[in-house]
Amino acid sequence: MSRVITETMVRVEDVHRSYSRGAAAVHALRGVSFEVARGELVALKGRSGSGKTTLLNIVGGLDTPDRGSVTVDGRNLAELGENGLLELRRDRIGFVFQSFGLIPILTAAENVGVPMRLRRTDAREREERVELLLGLVGLAEHAAQRPGELSGGQQQRVAVARALANRPALIVADEPTGQLDAETGHAVMELLRAVVRSENVTALVATHDTTLLDLADRVLELADGEIAEH
Ligand SMILES: Nc1ncnc2c1ncn2[C@@H]1O[C@H](COP(=O)(O)OP(=O)(O)O)[C@@H](O)[C@H]1O
Ligand SMILES: [Mg+2]
């Protein structure tokens, strides 16, 4: 896999994505271009339906654009193929979703360990990193609890720890505070702010909560599938 070391973590160039809905087409993204530098926390704002999820899915290699190109961590996604994309998602990108996405029957510690199991990380190393990460997100005392035994904010902290498990270069977070009350949401955004600094990662975070934008290094706005930088 060819890889160029660059200070640009994400480069999106003229990305278009349409969905067909019956006979009509929905143009979710209409020529989106932007870059995210290594180490930046960029907030992506825009009202519901503006294309945020579509864009994050494309940047995260979960969906492909109809037109345009996406480079993440020096790799052109169009050149990766199925296995290459799978490896990129597993090893270089950490995902955080609005609905947390934890596995209900696993404990907090086991959930954080899942990405390392997928990568067949040695058990001892895995356990040490799980402990470190749960400490980092302030949940050392809750390692043995299952998601149903944790508050929403605590569950999202577990999800952030899980996203960091394989030491990703990039965190992609789609409305990570969308299901949390304002105060808890702010605390989760502050946690993302802190881990971007301490774990040397880059983050692209979609949110429509304007009170969280102050924590970002930069804000991009999507409106009707087009970007307007602030
Ligand atoms: N799978 C899909 N099929 C058809 N239309 C979709 C699909 N996903 C998203 N859309 C449409 O694309 C537009 C952008 O949606 P989305 O990216 O989810 O925006 P946001 O995350 O900002 O709310 C919306 O008009 C939405 O209805
Ligand atoms: Mg969305």
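Tabulated results
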| quantity | calculated |
| --- | --- |
| Output for the stretch 48-81, where each listed residue is near ligand 2 (Cβ under 10 Å from one of its atoms) and assigned to a loop (DSSP other than H, G, I, E, B) | SER48, GLY49, SER50, GLY51 |
| In the stretch 35-47, the residues that are within 15 Å of ligand 1 (Cβ to nearest atom) and in a loop (DSSP other than H, G, I, E, B) | GLY46, ARG47 |
| Any hit, the stretch 17-34, residues being within 10 Å of ligand 1 (Cβ to nearest atom), under 28 Å from ARG197 (Cβ atoms), touching a residue at least 60 places away in the same chain (Cβ under 8 Å) and of a type in the set (Ser, Thr, Tyr) | no |
| Filter pass, GLY81 being of a type in the set (Gly, Ala, Ser), touching a Leu at 6+ places or on another chain (Cβ under 7 Å), at positive phi and without any contact (Cβ under 8 Å) to a residue 40 or more places away in the chain | no |
| Residue that is nearest to ligand 2 (Cβ to nearest atom) [pool: residues in the stretch 82-113 that are within 16 Å of the chain's Cα centre (by Cα) and part of a helix (DSSP H, G or I)] | ARG89 |
| Lone unmet requirement of (1) touching a residue at least 40 places away in the same chain (Cβ under 8 Å); (2) of a type in the set (Asp, Glu); (3) within 16 Å of ligand 1 (Cβ to nearest atom) for ASP217 | (3) |
| Failed criterion for VAL172 (all others in (1) hydrophobic (A, V, I, L, M, F, W, C); (2) at pLDDT 95 or above; (3) away from ligand 2 (no atom under 16 Å from the Cβ) hold) | (3) |
| Single unsatisfied condition, ASP14 versus (1) over 24 Å from VAL96 (Cα atoms); (2) within 16 Å of ligand 2 (Cβ to nearest atom); (3) in contact (Cβ under 8 Å) with a residue 24 or more places away in the chain | (2) |
| Residue match in the stretch 200-221 (condition: exposed (fewer than 15 other Cβ atoms within 10 Å of the Cβ) and either more than 30 Å from ASP14 (Cα to Cα) or among the hydroxyl-bearing types (Ser, Thr, Tyr) (or both)) | yes |
| Test: ALA43 is buried (at least 19 other Cβ atoms within 10 Å of the Cβ), within 16 Å of ligand 2 (Cβ to nearest atom) and farther than 16 Å from GLU226 by Cβ | yes |
| Residue satisfying all of: in the stretch 150-194; touching a strand residue (DSSP E or B) at 6+ places or on another chain (Cβ under 8 Å) and in a helix (DSSP H, G or I); nearest to VAL72 (Cα to Cα) among these | ALA163 |
| Tabulated pairs, the stretch 178-204, first touching a residue at least 60 places away in the same chain (Cβ under 8 Å), second among the aromatic types (Phe, Trp, Tyr), C-beta under 8 angstrom, 6+ apart or interchain | GLN179/PHE100 |
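The values are calculated or read from the model by the stated rules, or taken from the named source; none is laboratory data. Computed from a predicted model, the values in this text were never measured in an experiment. Please note: Cβ atoms are built from the backbone with ideal geometry, for glycine as well, and neighbour counts cover all protein chains shown.
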